Amino acid sequence: MTDNQPATVGHTFTVRAVDGDRELDIYSPEGYAVLADLWLRSGWHHKLSYEVTWLGIPIIQLPEDIVILQELLWKVRPTVVVESGVAHGGALILYASILEMLGRGRVIGIDVEIRKYNRLAIESHPLSRRIHLIEGSSVDPETVAAVTARIEPSDTVMVMLDSNHTRDHVRAELEHYAPFVTPDSFLVVFDSVMERVQDSPRAGVGWDEDNPLTATYDFLAVHPEFERCAEYERLGVTYCHGGFLRRRPASARLDP
């Protein structure tokens, strides 16, 4: 081989499964799906989402999800975004930045504890005028009432659930916050990835069942006015697998 000839790179890999080994092509759809799953699981274990900031604030989300969320916000153009689970506040800033470009809207951030320096970072940010913080459990009736008081009948509302990730808590959040979502808008459930990383050394006990994805399936089984939109999982790597829920238009006919 001469110096200007490219080296030959293999494009297959072997997957070892209980039913035997399989050789997959990295350029095939199946090969991509397997590699995306491995990247998702390994990246979660190594906390890659903690490396990302949005306009200076840690966001703790995958870059792929950040891109999809801005796409969703731009499409729906909500006037209100409700988020449970503030953490450092990066997601609030993401939502507020898209609303700023739309020239309208506000973000309501809910957390059981908004730490002092996180609050200071959010409230001193140039986009803080679009953000209202509520400290309290997202499923406390007083918290839900405080959110209700800040939403007008004419608002287009989108909801993001990213707080306590147990099945019971997420299921309760879904019941409390789904009614806020306007027809043809979205409710996004974060961290369904827990079900896929249950074998990680950092995983918690019982994550195979006690996770947001299971709560989402429970919710969809009794709420036909919502449907899963896999379109927003098309990048293959997401912490919201099964969690992009669209509220059907008011005129849509539901199956009996």
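Just so you know, all these numbers are worked out from the coordinates, no wet-lab data involved. Bear in mind the structure is a predicted one, so any value in this text is a computation, not a measurement. In this analysis, Cβ positions are derived from the backbone assuming ideal geometry, glycine residues included, and neighbour counts consider all displayed protein chains.
Measuring nothing but how far apart in sequence close Cα pairs (under 8 Å, 6+ apart) lie, relative to its length, the stretch 135-256 scores a relative contact order of 27 percent.
Among [x] 58, 43, 36; [y] 70, 49, 38; [z] 51, 42, 40, which is the computed Cα extents along the principal axes in Å? From the options [x] 58, 43, 36; [y] 70, 49, 38; [z] 51, 42, 40, the structure gives [y].
Selection among VAL81, ILE60, MET160 by position relative to the dipole of the chain gives VAL81 as farthest towards the positive end (Cβ unit charges, Cα centre).
When the trypsin sites (Lys or Arg not before Pro) in the stretch 124-216 are filtered for DSSP coil states and for at most 12 other beta-carbon atoms within 10 Å of their beta-carbon, the remaining sites are ARG202.
Hey, what's the Cα Rg ratio for the stretch 132-195 versus the globular rule of thumb, 2.2 N^0.38 Å?
On the way: Rg = 12.0 Å, N = 64, 2.2 N^0.38 = 10.7 Å.
Expressed relative to 2.2 N^0.38 Å, the Cα Rg reads 1.13.
Loop-resident GluC sites (Glu not before Pro) (DSSP state other than H, G, I, E or B) in the stretch 93-123 with no more than 16 further Cβ atoms inside 10 Å of their Cβ: GLU113. Residues LEU187, LEU102, LEU72, LEU220 in ascending order of nearby Cβ atoms (within 10 Å, fewest first): LEU102, LEU220, LEU72, LEU187.
Remark: the chain carries a charge dipole of roughly 860 debye about the Cα centre, counting +1 on each Lys and Arg Cβ and -1 on each Asp and Glu Cβ. Summarising the label geometry, the points placed 7 Å from Cα in the beta-carbon direction at GLN70 and VAL52 lie 1.1 nm from one another.
Considering only DSSP states other than H, G, I, E and B, which trypsin sites (Lys or Arg not before Pro) in the stretch 1-92 qualify as loop sites with at most 12 other Cβ atoms within 10 Å? In loop regions of the stretch 1-92 (DSSP not H, G, I, E or B), the sparsely surrounded trypsin sites (Lys or Arg not before Pro) are LYS47.
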